[in-house]
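Shown next, in structure tokens, is the structure this report addresses.
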Ligand SMILES: [Fe+2]
């Protein structure tokens, strides 16, 4: 079954994506009946698709300073024989609760200070808004935010169960990134967090450190480690191979921490693109969390999201990623509520790191459209894969991701799917095929916002062709968010 159930011709008039940033106050729970689903859901898509992102970008008429400050809302879409069950809930962080009660901005955040001047901001960290990514691991559903600890939710009701500290092993000031990765062969979950160096010499010279975490399939934190880096920098994601964690340390750093620590400016205004600091790639062993190799990059760039990575067997590590030339992407993300221009889209690249010789080779997937949110068949995380999927910018006048693309990593061939005028998307999750399926590449599931109706749809694509094989119409819009997840479990009560 490959019929494209939804093909809207693109007109010269582009419908704005901006409604996709509207707040969704309502917390809903309903079922979309099978009769209302367009096309046909593949049997393999029978679990739960999660999506997380800011549910609101303002409070009491006051806009937050940055898209990253929106309060985290989790959306869950469970595929069952009785229909598709949708529910959504805000994560009950202290920020969400305090600002809901007050109906105004109360907390200092990534992109804005709290009202009340220096007294209300000095020495305070940005508030955790649990809005960036999610993981279901060890039987626990966690909403992630890279500056603090995760928040645990009930996967069926999405009720907030509390901040999760792995039995006390994550301290109050420990960061836990939004981009941990699970090795599918072992079930071990690796994650990291950035912080200033606490070593006497490191602290004096402004060095940074990256904490490392190894978490058992049972969900217990087995081991912590750390290594020092040249400076404290924004590090959003990493690449995982069978034996290594790989960190690209881009020079996004503070010029001076003093104005931020003194409460004069928010964190977002304290960090800047500083290519003079240089860029390094740290290859760290998963076995003992020791640094195996450090590469120096000649021309610094920004690597935000990584796709799959693996050890090629010739001493080289292959890493696929999205690349930006500088940190101007942050300007676009900061002003995203009012932007009518192009949304940030990265270039898709392959890096080959030679562990023996120390060379770095880089090549670009030149046929790929600018895009973001690279994904792959996660059954093969740490092993060679031949395909990458991403949200992309289809039309020259696109203001947000209006397509999906499939990049053949061997030939460089690209297949893209235009969602049609007024339809916008973000990350798509891969769902493996069932044994015996004709389609052995599987499916993609994504959320699509339709500006015509100001409603969202859950769309299932054939991963081989990107044709839309099923469209599940929701009764609400799902505000644009950041990341998604998929579990084979259909979490319904
Ligand atoms: Fe991310």
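The values are calculated or read from the model by the stated rules, or taken from the named source; none is laboratory data. Bear in mind that the values here come from a model prediction, so they are computed numbers and not experimental data. Using ideal geometry, Cβ is built from the backbone for each residue, glycine included, and neighbour counts are taken over all protein chains shown.
For region 115-139, what are the residues that are more than 12 Å from residue 260 (Cα to Cα) and more than 22 Å from the chain's Cα centre (by Cα)?
Filtering region 115-139 down to residues more than 12 Å from residue 260 (Cα to Cα) leaves 115-117, 119-120, 127-139.
Correct list: 115, 116, 117, 119, 120.
Of all residues in region 414-431, exactly one satisfies the criterion of being buried (at least 24 other Cβ atoms within 10 Å of the Cβ) and touching a helix residue (DSSP H, G or I) at 6+ places or on another chain (Cβ under 8 Å), namely 424.
Just to be sure, is residue 442 touching a strand residue (DSSP E or B) at 6+ places or on another chain (Cβ under 7 Å), under 30 Å from residue 139 (Cβ atoms), in contact (Cβ under 8 Å) with a residue 40 or more places away in the chain and within 16 Å of the ligand (Cβ to nearest atom)? Spelling it out, it is not the case that residue 442 is touching a strand residue (DSSP E or B) at 6+ places or on another chain (Cβ under 7 Å), under 30 Å from residue 139 (Cβ atoms), in contact (Cβ under 8 Å) with a residue 40 or more places away in the chain and within 16 Å of the ligand (Cβ to nearest atom).
Filter region 176-186 for residues that are part of a loop (DSSP other than H, G, I, E, B) and touching a residue at least 60 places away in the same chain (Cβ under 8 Å); which is farthest from the ligand (Cβ to nearest atom)?
First, pick out the residues of region 176-186 that are part of a loop (DSSP other than H, G, I, E, B): 176-180, 183-186.
Still in the running and touching a residue at least 60 places away in the same chain (Cβ under 8 Å): 177-179, 183-185.
Values: 177: 9, 178: 6, 179: 6, 183: 19, 184: 20, 185: 24 Å.
If we take residues in region 176-186 being part of a loop (DSSP other than H, G, I, E, B) and touching a residue at least 60 places away in the same chain (Cβ under 8 Å), then 185 is farthest from the ligand (Cβ to nearest atom).
Picking from residues in region 8-62 that are part of a strand (DSSP E or B) and surrounded by fewer than 16 Cβ atoms within 10 Å (Cβ to Cβ), the one that is modelled with the lowest pLDDT is 62. What residue, among those in region 352-381 that are crowded, with 21+ Cβ neighbours inside 10 Å and in a strand (DSSP E or B), is farthest from the ligand (Cβ to nearest atom)? Restricting to residues being crowded, with 21+ Cβ neighbours inside 10 Å and in a strand (DSSP E or B), the top hit is 353.
Which residues, taken from region 196-217, are part of a loop (DSSP other than H, G, I, E, B) and either surrounded by fewer than 18 Cβ atoms within 10 Å (Cβ to Cβ) or within 16 Å of the ligand (Cβ to nearest atom) (or both)? Don't jump to the end; show me each part of the working.
Step one: of region 196-217, the residues part of a loop (DSSP other than H, G, I, E, B) are 197-199, 205-207, 216-217.
Once the filter is applied, which keeps residues that are part of a loop (DSSP other than H, G, I, E, B) and either surrounded by fewer than 18 Cβ atoms within 10 Å (Cβ to Cβ) or within 16 Å of the ligand (Cβ to nearest atom) (or both), region 196-217 yields 198, 199, 205, 206, 207, 216, 217.
Checked against (1) surrounded by fewer than 21 Cβ atoms within 10 Å (Cβ to Cβ); (2) at pLDDT below 95; (3) out of contact with any helix residue (DSSP H, G or I) (no Cβ under 9 Å at 6 or more places or on another chain), residue 146 meets all criteria but (1). Residue-level check: of (1) within 16 Å of the ligand (Cβ to nearest atom); (2) in a strand (DSSP E or B), residue 481 misses just (2).
The criterion of being within 16 Å of the ligand (Cβ to nearest atom) and either more than 21 Å from the chain's Cα centre (by Cα) or closer than 30 Å to residue 17 by Cβ (or both) holds for residue 305. Listed here are the strands (runs of 3 or more DSSP E) enclosed by region 218-273 that have at least 1 residues being in contact (Cβ under 8 Å) with a residue 60 or more places away in the chain and away from the ligand (no atom under 16 Å from the Cβ): 221-229, 244-249.
Is it the case that some residue within region 395-403 is crowded, with 23+ Cβ neighbours inside 10 Å and either within 16 Å of the ligand (Cβ to nearest atom) or under 15 Å from residue 349 (Cβ atoms) (or both)? The answer is yes, given that some residue of region 395-403 is crowded, with 23+ Cβ neighbours inside 10 Å and either within 16 Å of the ligand (Cβ to nearest atom) or under 15 Å from residue 349 (Cβ atoms) (or both).
Assess whether residue 333 counts as being in contact with a helix residue (DSSP H, G or I) (Cβ under 6 Å, 6 or more places away or on another chain), away from the ligand (no atom under 16 Å from the Cβ) and within 30 Å of residue 18 (Cα to Cα). No, not satisfied.
Condition (residue is over 30 Å from residue 458 (Cα atoms), exposed (fewer than 15 other Cβ atoms within 10 Å of the Cβ) and either modelled with pLDDT of 95 or more or more than 21 Å from the chain's Cα centre (by Cα) (or both)) applied to region 73-95: is it met by at least one residue? Please lay out each step first, then the result.
Let us first name the residues in region 73-95 that are over 30 Å from residue 458 (Cα atoms), namely 94.
Imposing the further condition that a residue be exposed (fewer than 15 other Cβ atoms within 10 Å of the Cβ) reduces the set to 94.
With the extra rule that they be either modelled with pLDDT of 95 or more or more than 21 Å from the chain's Cα centre (by Cα) (or both), the set shrinks to 94.
The answer is yes; a qualifying residue exists.
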